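The values are calculated or read from the model by the stated rules, or taken from the named source; none is laboratory data. The shown structure was predicted, so the numbers you read here are calculated from the model rather than taken from an experiment. Ideal geometry is used to build each Cβ from the backbone, glycine not excepted, and the neighbour counts take in all protein chains shown.
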Amino acid sequence: MTRRVSLVLAVVLAAVVAFVLSGQDEVAPPRAPERAAEAVTRGLPKADPVSIDVPKIEARSSLIPLGLNADDTIEVPPVTRPMQAGWYLHGPTPGEVGPSVILGHVDGNKQKGIFFRLKELVPGDKVSITRKDGVTAEFAVTKVERVAKDEFPTDAVYGDTAEPELRLITCGGVFDKASRNYLDNVIVFARMISSP
(Lines give C-alpha, C1' and ligand atoms only; values in the text may rest on other atoms or scores of the structure.)
Protein backbone atom coordinates (compact mmCIF):
# COMPACT_ATOMS: atom_id res chain seq x y z
CA MET A 1 0.00 0.00 0.00
CA THR A 2 2.85 2.41 0.79
CA ARG A 3 4.41 1.68 -2.58
CA ARG A 4 1.08 2.41 -4.28
CA VAL A 5 0.69 5.80 -2.47
CA SER A 6 4.25 6.73 -3.41
CA LEU A 7 3.57 5.84 -7.04
CA VAL A 8 0.35 7.93 -7.10
CA LEU A 9 2.12 10.91 -5.52
CA ALA A 10 4.97 10.64 -8.03
CA VAL A 11 2.52 10.59 -10.97
CA VAL A 12 0.58 13.59 -9.59
CA LEU A 13 3.80 15.52 -8.95
CA ALA A 14 5.08 14.74 -12.45
CA ALA A 15 1.77 15.91 -13.96
CA VAL A 16 1.90 19.19 -12.03
CA VAL A 17 5.51 19.85 -13.05
CA ALA A 18 4.73 19.00 -16.68
CA PHE A 19 1.72 21.34 -16.64
CA VAL A 20 3.67 24.20 -15.13
CA LEU A 21 6.62 23.80 -17.49
CA SER A 22 4.80 23.08 -20.72
CA GLY A 23 1.37 24.62 -20.28
CA GLN A 24 2.29 28.20 -19.42
CA ASP A 25 2.20 29.54 -22.96
CA GLU A 26 -1.11 27.85 -23.69
CA VAL A 27 -3.01 29.60 -20.89
CA ALA A 28 -1.50 33.05 -21.42
CA PRO A 29 -3.66 35.40 -23.50
CA PRO A 30 -2.44 35.95 -27.06
CA ARG A 31 -0.40 39.10 -27.68
CA ALA A 32 -1.96 41.84 -29.75
CA PRO A 33 -0.21 42.59 -33.03
CA GLU A 34 2.51 45.27 -32.82
CA ARG A 35 0.74 47.35 -35.47
CA ALA A 36 -2.34 47.81 -33.24
CA ALA A 37 -0.19 49.21 -30.43
CA GLU A 38 1.41 51.71 -32.81
CA ALA A 39 -1.98 52.97 -33.97
CA VAL A 40 -3.02 53.79 -30.39
CA THR A 41 0.19 55.58 -29.42
CA ARG A 42 0.72 57.52 -32.64
CA GLY A 43 -1.76 60.29 -31.85
CA LEU A 44 -2.77 63.24 -34.00
CA PRO A 45 -0.69 66.13 -35.29
CA LYS A 46 -0.67 69.39 -33.31
CA ALA A 47 -3.84 71.47 -33.72
CA ASP A 48 -5.26 73.95 -31.24
CA PRO A 49 -8.52 72.88 -29.58
CA VAL A 50 -11.55 75.09 -30.15
CA SER A 51 -14.30 73.53 -28.00
CA ILE A 52 -15.14 70.90 -25.41
CA ASP A 53 -18.32 68.86 -24.94
CA VAL A 54 -18.96 66.64 -21.91
CA PRO A 55 -22.51 65.34 -22.56
CA LYS A 56 -23.10 63.59 -19.21
CA ILE A 57 -22.70 66.82 -17.24
CA GLU A 58 -23.98 69.14 -20.00
CA ALA A 59 -20.69 71.03 -20.12
CA ARG A 60 -20.01 72.76 -23.44
CA SER A 61 -17.60 75.63 -24.01
CA SER A 62 -15.25 77.22 -26.44
CA LEU A 63 -11.62 76.91 -25.32
CA ILE A 64 -9.22 79.79 -24.69
CA PRO A 65 -5.43 79.36 -24.44
CA LEU A 66 -3.93 79.50 -20.93
CA GLY A 67 -0.26 80.07 -20.14
CA LEU A 68 1.68 80.55 -16.92
CA ASN A 69 1.41 83.22 -14.25
CA ALA A 70 4.52 85.07 -13.02
CA ASP A 71 4.88 82.53 -10.18
CA ASP A 72 4.90 79.61 -12.68
CA THR A 73 1.40 78.44 -11.76
CA ILE A 74 -0.99 77.75 -14.60
CA GLU A 75 -3.43 80.49 -15.57
CA VAL A 76 -7.15 79.85 -15.17
CA PRO A 77 -10.05 81.22 -17.22
CA PRO A 78 -11.47 84.55 -15.99
CA VAL A 79 -13.57 83.97 -12.84
CA THR A 80 -15.96 86.63 -14.16
CA ARG A 81 -16.77 84.17 -17.00
CA PRO A 82 -17.26 80.90 -15.06
CA MET A 83 -18.72 79.04 -18.04
CA GLN A 84 -15.50 79.53 -20.04
CA ALA A 85 -12.99 76.64 -20.20
CA GLY A 86 -9.37 76.94 -21.27
CA TRP A 87 -6.51 74.70 -22.39
CA TYR A 88 -2.89 74.76 -21.25
CA LEU A 89 -0.97 75.92 -24.33
CA HIS A 90 2.49 74.76 -23.16
CA GLY A 91 1.45 71.09 -23.23
CA PRO A 92 0.26 68.72 -25.95
CA THR A 93 -2.91 69.69 -27.78
CA PRO A 94 -5.83 67.25 -27.39
CA GLY A 95 -5.15 64.23 -29.58
CA GLU A 96 -1.36 64.56 -29.54
CA VAL A 97 0.59 61.97 -27.58
CA GLY A 98 0.84 63.16 -23.98
CA PRO A 99 -1.50 64.72 -21.44
CA SER A 100 -3.52 67.69 -22.67
CA VAL A 101 -4.86 69.81 -19.80
CA ILE A 102 -8.18 71.69 -19.76
CA LEU A 103 -9.24 73.89 -16.85
CA GLY A 104 -12.60 75.33 -15.87
CA HIS A 105 -14.24 76.84 -12.80
CA VAL A 106 -16.59 75.02 -10.45
CA ASP A 107 -18.29 78.39 -9.86
CA GLY A 108 -17.61 82.09 -10.03
CA ASN A 109 -19.29 85.46 -10.13
CA LYS A 110 -22.09 83.99 -7.94
CA GLN A 111 -23.05 81.33 -10.50
CA LYS A 112 -22.23 77.73 -11.42
CA GLY A 113 -19.14 77.18 -13.55
CA ILE A 114 -18.50 75.02 -16.62
CA PHE A 115 -17.11 72.19 -14.45
CA PHE A 116 -19.64 72.48 -11.59
CA ARG A 117 -20.65 68.83 -12.12
CA LEU A 118 -17.18 67.49 -13.04
CA LYS A 119 -17.05 65.31 -9.91
CA GLU A 120 -20.06 63.34 -11.25
CA LEU A 121 -18.05 61.76 -14.07
CA VAL A 122 -17.15 58.08 -13.83
CA PRO A 123 -14.89 55.79 -15.86
CA GLY A 124 -16.29 55.29 -19.35
CA ASP A 125 -17.96 58.71 -19.65
CA LYS A 126 -17.11 60.52 -22.89
CA VAL A 127 -15.43 63.87 -23.58
CA SER A 128 -15.21 65.37 -27.08
CA ILE A 129 -12.67 67.99 -28.09
CA THR A 130 -13.09 69.72 -31.44
CA ARG A 131 -9.83 70.98 -32.90
CA LYS A 132 -8.97 73.82 -35.29
CA ASP A 133 -8.17 71.25 -38.03
CA GLY A 134 -11.81 70.06 -37.95
CA VAL A 135 -11.01 66.78 -36.18
CA THR A 136 -12.99 65.82 -33.08
CA ALA A 137 -10.93 63.75 -30.65
CA GLU A 138 -13.03 61.47 -28.44
CA PHE A 139 -11.83 60.56 -24.96
CA ALA A 140 -13.11 58.14 -22.31
CA VAL A 141 -12.75 58.88 -18.61
CA THR A 142 -10.43 56.43 -16.83
CA LYS A 143 -10.59 57.87 -13.30
CA VAL A 144 -11.69 60.87 -11.23
CA GLU A 145 -9.74 62.08 -8.18
CA ARG A 146 -10.22 64.78 -5.57
CA VAL A 147 -6.91 65.90 -4.08
CA ALA A 148 -5.81 68.63 -1.69
CA LYS A 149 -4.28 71.54 -3.60
CA ASP A 150 -1.15 71.32 -1.48
CA GLU A 151 -0.76 67.66 -2.57
CA PHE A 152 -1.40 68.26 -6.28
CA PRO A 153 -0.15 65.25 -8.32
CA THR A 154 1.98 67.22 -10.79
CA ASP A 155 3.67 64.19 -12.37
CA ALA A 156 0.39 62.30 -12.84
CA VAL A 157 -1.24 65.33 -14.46
CA TYR A 158 1.59 66.73 -16.59
CA GLY A 159 4.03 63.80 -16.90
CA ASP A 160 4.71 62.08 -20.23
CA THR A 161 2.30 59.38 -21.40
CA ALA A 162 2.60 56.83 -24.20
CA GLU A 163 -0.72 57.75 -25.79
CA PRO A 164 -3.01 60.78 -26.20
CA GLU A 165 -4.58 61.58 -22.84
CA LEU A 166 -6.67 64.36 -21.35
CA ARG A 167 -6.93 65.98 -17.93
CA LEU A 168 -9.91 68.11 -16.85
CA ILE A 169 -9.27 70.16 -13.71
CA THR A 170 -11.46 72.30 -11.47
CA CYS A 171 -11.70 73.29 -7.81
CA GLY A 172 -13.54 71.18 -5.27
CA GLY A 173 -13.94 70.27 -1.65
CA VAL A 174 -14.46 72.87 1.07
CA PHE A 175 -14.49 76.59 0.24
CA ASP A 176 -12.21 78.51 2.61
CA LYS A 177 -13.85 81.91 3.15
CA ALA A 178 -10.68 83.44 4.61
CA SER A 179 -8.55 82.71 1.53
CA ARG A 180 -11.56 82.79 -0.84
CA ASN A 181 -10.40 79.52 -2.41
CA TYR A 182 -11.42 75.89 -2.53
CA LEU A 183 -9.01 73.61 -0.69
CA ASP A 184 -9.06 70.75 -3.23
CA ASN A 185 -8.93 70.05 -6.95
CA VAL A 186 -11.12 67.60 -8.87
CA ILE A 187 -9.08 65.96 -11.63
CA VAL A 188 -10.53 63.81 -14.41
CA PHE A 189 -8.13 61.52 -16.27
CA ALA A 190 -9.13 60.30 -19.75
CA ARG A 191 -7.54 58.60 -22.77
CA MET A 192 -8.30 59.05 -26.46
CA ILE A 193 -10.53 56.33 -27.88
CA SER A 194 -11.16 57.58 -31.41
CA SER A 195 -10.64 60.26 -33.99
CA PRO A 196 -11.51 60.35 -37.70
Within region 49-62, tally of residues that are part of a strand (DSSP E or B) and of a type in the set (D, E, K, R): 2
Positions within region 112-127 being more than 13 Å from the chain's Cα centre (by Cα) and in a strand (DSSP E or B), in sequence order: 112
Residue identified as in contact with a helix residue (DSSP H, G or I) (Cβ under 6 Å, 6 or more places away or on another chain) and part of a strand (DSSP E or B) among 191, 146, 167: 167
Test: residue in region 168-184 that is touching a residue at least 60 places away in the same chain (Cβ under 8 Å) and of a type in the set (Gly, Ala, Ser): yes
Checklist (1) at pLDDT 95 or above; (2) exposed (fewer than 13 other Cβ atoms within 10 Å of the Cβ) applied to residue 73, failing item: (1)
Residue satisfying condition, being more than 18 Å from the chain's Cα centre (by Cα), at positive phi and surrounded by fewer than 21 Cβ atoms within 10 Å (Cβ to Cβ), within set 181, 109: 109
For residue 140: the one exception among (1) crowded, with 19+ Cβ neighbours inside 10 Å; (2) outside any loop (DSSP other than H, G, I, E, B); (3) touching a Gly at 6+ places or on another chain (Cβ under 7 Å): (1)
Selection from region 123-167 of residues that are of a type in the set (Val, Ile, Thr) and touching a residue at least 40 places away in the same chain (Cβ under 8 Å): 127, 129, 130, 135, 136, 141, 142, 144, 147, 157, 161
Qualifying positions in region 117-133 - surrounded by fewer than 18 Cβ atoms within 10 Å (Cβ to Cβ) and aliphatic (A, V, I, L, M): 122
Failed item, numbered, when residue 91 is tested on (1) in contact with a Ser or Thr (Cβ under 9 Å, 6 or more places away or on another chain); (2) of a type outside the set (S, T, N, Q); (3) buried (at least 19 other Cβ atoms within 10 Å of the Cβ): (3)
Residue within region 63-84 that is within 11 Å of residue 168 (Cβ to Cβ) and part of a strand (DSSP E or B) present: no
